[in-house]
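Peer 1: Can you read through this structure? Questions will come right after.
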Amino acid sequence: MQPEIEDQGEFERLDSCDERILAVINELHHRHDPMPEDLNERVQFVLELEAELDAKVASVYRPAELALVRGDAELAVNQGDPASITFDCETVTVMVTPRPSAVQEMRLDGWIGPEGTYSVELRSPQGIRRASTDETGRFVLEALPKDEMFQLVIRPGETLQREGLPAVVVTPAIRL
Amino acid sequence: MNTTSAHTVAAVDYERHARLYIAARAGDGLAQRTLVVELNELLWRAARRTGLDRESASDVVQTAWLRLWRTENELKQPRALTKWLLTTVSREAWKVVGHTRREIVADPIDFQEPVVEGIEDALVRDAERDAVRRAFLVQSERCRRLLAFVATVARPDYDVIADALGMKRGSIGPTRGRCLNKLRRTLLDDPSWGGGEERGEDAT
């Protein structure tokens, strides 16, 4: 066994003044930009499933901030729906667009590529909603509670799996 | 007594976290939860430092935790847990930043306006904090990024910093020294920094 201490002593020791300064810097960042209150909860929620599924994990690409607008003329510039969120993991891409459908309710329009059929699970602490896509990969989930935390679990159909797609893809939990 | 009311720099306990990781891998849910609670803030800071907004930073932190438990990612050296997580968060964050070309709304290593607090802090501590804040903000971006990083971790790993900040490994130690010296000189020029050196030893 190799001793593994070397990664701890690389920095010269700090004197108490430097330590104090760094502690204050750390404190300032902590106050200025605290970690979201529910982040521990979100992580624990998504990890519940991972042990049994060993699923591929998708990256999340959220729409660019609307603040990018430079003039009134550019307000109309539209690169896809500004509310859309994209989940991507090498071979599978999921795009969802949440919209308010009633008071405190959301509707989720989704599209998954490559084209084919997928089963879709929307996991929340309240339970699981299921949907299937049509052959073009489209699906809709309605009457979803607002502000609830959701994780998507996507299972490509057998045909797609034979073409090399993974059995299961999961996403981080997001709030709609 | 050596207590300070400021956030003490998080000491990354490699041995303990390695044990928790091994237990969690064997199915111990409590060990897994403990790791999440103890390391999440560190990962959150790392994600924010890349310039990601708060929502995307939350996504990236979750992604790293999810990938950690995949069978193919089982760590051969459990002591490298923190390093693996930080590296994964940084890489994923850079990927997301590059992909969406998001405008960085506010640089998260900065803190613009003083937050109005209750009466919990003594005036002296507020003055000290303001002095450090002012001094920090006039440092170069490179220094601010590095100091923000080393402020979060007590015994940071050079490889992780090199990866996260895009610095050469060999330049990290000397740069930290230079940045701290500059910051101290700025502080000493500030009349409201009343001799941090003497106070550094912590009165009882």
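Peer 1: Conditions: (1) among the β-branched types (V, I, T); (2) out of contact with any Ser or Thr (no Cβ under 9 Å at 6 or more places or on another chain); (3) over 19 Å from A:K56 (Cα atoms). A:T133 meets all but one. Number of the miss?
Peer 2: Of the numbered conditions (1) among the β-branched types (V, I, T); (2) out of contact with any Ser or Thr (no Cβ under 9 Å at 6 or more places or on another chain); (3) over 19 Å from A:K56 (Cα atoms), the odd one out for A:T133 is (2).
Peer 1: Suppose we filter region B:128-152 for residues that are charged (D, E, K, R) and either more than 17 Å from the chain's Cα centre (by Cα) or in a loop (DSSP other than H, G, I, E, B) (or both); how many remain?
Peer 2: 4
Peer 1: Would you mind finding the one in A:T93, A:T97, A:T117 that is at pLDDT 90 or above, surrounded by fewer than 19 Cβ atoms within 10 Å (Cβ to Cβ) and within 14 Å of another protein chain (Cβ to nearest Cβ)?
Peer 2: The match here is A:T93.
Peer 1: Just to be sure I understand, how many residues within region A:108-141 are free of Cβ contacts under 8 Å to residues at least 24 places away in the same chain and among the acidic types (D, E)?
Peer 2: Here the count works out to 3.
Peer 1: Residue check: is B:L165 aliphatic (A, V, I, L, M) and at pLDDT 85 or above?
Peer 2: Against the criterion (aliphatic (A, V, I, L, M) and at pLDDT 85 or above), B:L165 does not qualify.
Peer 1: Among the listed residues B:V160, B:V132, identify the single one that is touching a helix residue (DSSP H, G or I) at 6+ places or on another chain (Cβ under 6 Å), modelled with pLDDT of 65 or more and farther than 23 Å from A:S16 by Cα.
Peer 2: That would be B:V160, the only listed residue that is touching a helix residue (DSSP H, G or I) at 6+ places or on another chain (Cβ under 6 Å), modelled with pLDDT of 65 or more and farther than 23 Å from A:S16 by Cα.
Peer 1: Looking at B:P114, is it surrounded by 13 or more Cβ atoms within 10 Å (Cβ to Cβ), more than 8 Å from chain A (Cβ to nearest Cβ) and at pLDDT 90 or above?
Peer 2: The answer is no for B:P114.
Peer 1: For region A:138-162, which positions are modelled with pLDDT under 95, in a loop (DSSP other than H, G, I, E, B) and away from chain B (no Cβ under 14 Å)?
Peer 2: A:K146, A:E148 - these are the residues of region A:138-162 that are modelled with pLDDT under 95, in a loop (DSSP other than H, G, I, E, B) and away from chain B (no Cβ under 14 Å).
Peer 1: Considering only residues that are more than 7 Å from chain B (Cβ to nearest Cβ) and either within 14 Å of B:S56 (Cα to Cα) or in contact (Cβ under 8 Å) with a residue 12 or more places away in the chain (or both), which ones fall in region A:23-63?
Peer 2: Of everything in region A:23-63, those that are more than 7 Å from chain B (Cβ to nearest Cβ) and either within 14 Å of B:S56 (Cα to Cα) or in contact (Cβ under 8 Å) with a residue 12 or more places away in the chain (or both) turn out to be A:D38, A:E41, A:F45, A:L49, A:L53, A:A55, A:K56, A:A58, A:P63.
Peer 1: For region B:139-179, what are the residues that are of a type in the set (D, E) and away from chain A (no Cβ under 11 Å)?
Peer 2: Across region B:139-179, the qualifying residues are B:E141, B:D163.
The values are calculated or read from the model by the stated rules, or taken from the named source; none is laboratory data. Here the structure is a predicted model, which means the values were calculated and not measured. Please note: Cβ atoms are built from the backbone with ideal geometry, for glycine as well, and neighbour counts cover all protein chains shown.
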